[in-house]
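Q: Supplied in structure tokens, the structure appears directly below.
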Amino acid sequence: MNATTSIDSKGVYPIRIAARLAHLAPKTVTRWVEGYDYPYRGELRRSAPITYLADHKESGDDRTLDFEQLLTLLLVKAFKDKGLGLPTIKKAAARAHERYSVDNPFISKQFRSDGNQVFIDIERAPGKERELINVLSDQREFRAIVEPSLFKNVVFTGDHASEWWPLERQHSVVLDPKKQFGAPHIAGTGVRTDVIAQAVKAEGGGAEANNAVADWFGLTVDQVNDAAFFEGPWQANQKAA
């Protein structure tokens, strides 16, 4: 497998693009990827990068993340939105990796949360009932208190995440690291959502523009609507980023 094929199969997301897809500020993503210094009681301390984001490519404005790292951003954001602190999130991921042999817990469909703690869904032995284990305490927990999944719109092939449907599965926008370098596109077509949205904008927007663009690209109007809806907030925020 040559280098180009390898990179294409993993997806390529510059920091600013990854930040928009994850609904995070680029500065936040950079801090999670690079780590950062902060003052504490007169001392300058350092917060280490999130392990699974630190292995990025290039540096500075050229740094990129791959598909699994993009999903890592999404899960860390989900935990943060639930009120979990970054040190707790890092510690839980490290323990899951060391104790339960999970390569990257942040992209595992086994990782769960109830908003206060982090759990991992494991099979203690073949044929035995699966258990939810509190990653920090190693205590078994009741399943009812834990969300079914933090990645309900991610498709897994075996243990690996293979697709993300950011508008949920009933819509047509998908990210697949093996297609279009991981860029958002219309499922089954390979037509990128940013290209569709730009074409709609060039035609003045509205129903007539959507119909025209659908004809040009051989899409349905619903697919064009999905692309325009997905790209709308993203493109509107480009100048601010």
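Q: Can you name every residue in segment 9-52 that is charged (D, E, K, R) and in a helix (DSSP H, G or I)?
A: 10, 16, 20, 27, 31, 34
Conditions tested, residue by residue: (1) under 21 Å from residue 32 (Cα atoms); (2) of a type in the set (A, V, I, L, M); (3) surrounded by 14 or more Cβ atoms within 10 Å (Cβ to Cβ); (4) in contact with a Cys (Cβ under 6 Å, 6 or more places away or on another chain).
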residue: 82; (1), (2), (3), (4): yes, no, yes, no
residue: 96; (1), (2), (3), (4): yes, yes, yes, no
residue: 101; (1), (2), (3), (4): no, no, no, no
residue: 104; (1), (2), (3), (4): yes, no, yes, no
residue: 115; (1), (2), (3), (4): yes, no, no, no
residue: 118; (1), (2), (3), (4): yes, yes, yes, no
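Q: Go through (1) surrounded by fewer than 18 Cβ atoms within 10 Å (Cβ to Cβ); (2) not in a loop (DSSP other than H, G, I, E, B) and name the single condition residue 74 misses.
A: Single failed check for residue 74: (1).
Q: Is one or more of the residues making up segment 195-208 touching a residue at least 60 places away in the same chain (Cβ under 8 Å), at positive phi and not acidic (Asp, Glu)?
A: no
Q: Limited to segment 162-180, what total is found for residues that are within 17 Å of the chain's Cα centre (by Cα), surrounded by fewer than 21 Cβ atoms within 10 Å (Cβ to Cβ) and either among the aromatic types (Phe, Trp, Tyr) or more than 16 Å from residue 13 (Cα to Cα) (or both)?
A: 4
Q: Considering only residues of segment 96-120 that are acidic (Asp, Glu) and free of Cβ contacts under 8 Å to residues at least 24 places away in the same chain, which is nearest to residue 68 (Cα to Cα)?
A: Among those residues, the one meeting the criterion is 103.
Q: Here's a follow-up. Any residue at all in segment 146-153 that is at pLDDT 75 or above, in contact with a Phe, Trp or Tyr (Cβ under 7 Å, 6 or more places away or on another chain) and not in a loop (DSSP other than H, G, I, E, B)?
A: Checked against the condition, which is being at pLDDT 75 or above, in contact with a Phe, Trp or Tyr (Cβ under 7 Å, 6 or more places away or on another chain) and not in a loop (DSSP other than H, G, I, E, B), segment 146-153 yields no hits at all.
Q: Restricting to segment 20-45, what's the tally of residues that are in contact with a strand residue (DSSP E or B) (Cβ under 9 Å, 6 or more places away or on another chain) and surrounded by fewer than 16 Cβ atoms within 10 Å (Cβ to Cβ)?
A: 7
Q: Still on this structure, I have one more. Given 86, 75, which one is in contact with a helix residue (DSSP H, G or I) (Cβ under 8 Å, 6 or more places away or on another chain), farther than 21 Å from residue 160 by Cβ and of a type in the set (A, V, I, L, M)?
A: Result: 86 is the single residue among 86, 75 that is in contact with a helix residue (DSSP H, G or I) (Cβ under 8 Å, 6 or more places away or on another chain), farther than 21 Å from residue 160 by Cβ and of a type in the set (A, V, I, L, M).
Q: Taking residue 162 as the residue in question, decide whether it is within 18 Å of residue 75 (Cα to Cα), modelled with pLDDT of 90 or more and small (Gly, Ala, Ser). Working first, answer last.
A: Details: within 18 Å of residue 75 (Cα to Cα): yes; modelled with pLDDT of 90 or more: yes; small (Gly, Ala, Ser): yes.
Judged against the criteria, residue 162 is a match.
Q: Turning to a different aspect of this structure: Quick one: residue 217 ticks every box in (1) within 20 Å of residue 23 (Cα to Cα); (2) modelled with pLDDT of 95 or more except a single one, so which number is it?
A: Only one criterion is unmet by residue 217, namely (1).
Q: Within segment 23-47, can you find the residues that are over 18 Å from residue 88 (Cβ atoms) and under 22 Å from the mean Cα position of the chain (by Cα)?
A: 23, 24, 25, 26, 27, 29, 30, 33, 34
The values are calculated or read from the model by the stated rules, or taken from the named source; none is laboratory data. This structure is a prediction, so every number in the text was calculated from the model and none was measured. Please note: Cβ atoms are built from the backbone with ideal geometry, for glycine as well, and neighbour counts cover all protein chains shown.
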